[in-house]
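Structure first, commentary second.
None of the figures in this text is laboratory data; all of them are computed from the coordinates on show. As the structure is a computational prediction, the values presented were derived from the model and not from experiment. Cβ sites come from the backbone with ideal geometry, for glycine too, and all protein chains shown count toward neighbours.
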Ligand SMILES: [Zn+2]
């Protein structure tokens, strides 16, 4: 019965507890936190402290009948705008603007585990289960989601979704990537965006295969700046008017432990 912001909050708090490195959660303004379908920028930073794979995430919740993501192609007015835009179009437009691969995070709560696709993830194959819990949050490329428009059903979108854990899993090899989470996330995004072509209009920067950047993109440097100011008690930077990245609710930065 929870809405997306609540699920996101609970999920992020859990993540802070279990992630072996450091997790920073930086809302860009207080109002954005409660916006339904707000876009968050995520960055996975490797053990060298610089290598980074970033992405843009919009959460969508499965309805209470386990049938569809009812607000998937929701038409809404962005703040300060007088016309409506489709959220899926807005997510992709923001992704191009900030050069971050656009991803949906689907919040699922299926009562019938047989509706969970057979895993193609080497890790879950090892335990011979699709591990229903792993589908609590699934991720999908916004390009694949847009191609399925206007179909909003779980049964359609599960085909191009992967469990969230696969963003960082080793596919059953047990091996760590050289650049840790940054490499793992880049490999996972490359799988999610497989088949994306120039015709999809994301631009050359966002074509698979993805490679980690060698430094944090500007948006995350801005987020770190806000975080430092907030730590010093300066909350002025958090007002909506000061947001230099309109349309982005905030940033999540996950840093691997240095010696991982
Ligand atoms: Zn996996």
Quiz item: In square nanometres, what is the average projected area of the Cα convex hull of the range 4-255?
Solution: 13.6 nm²
Quiz prompt | Sorted by Cβ neighbour density within 10 Å, fewest at the top, the residues 210, 44 | solution = 210, 44
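Output the relative contact order of the range 4-255, whole-number percent, from Cα pairs under 8 angstrom with separation of 6+ residues.
The normalised contact order for the range 4-255 reaches 32 percent.
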Quiz item: After finding the eigenvalues of the alpha carbon gyration tensor for the range 91-213, what semi-axes result from the square roots of 5 times each, listed largest first in whole Å?
Solution: 24, 20, 10
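What list do you get for 146, 115 if you sort them by fewest beta carbons within 10 Å?
Details: 146 18, 115 15.
Listing 146, 115 from fewest to most nearby Cβ atoms yields 115, 146.
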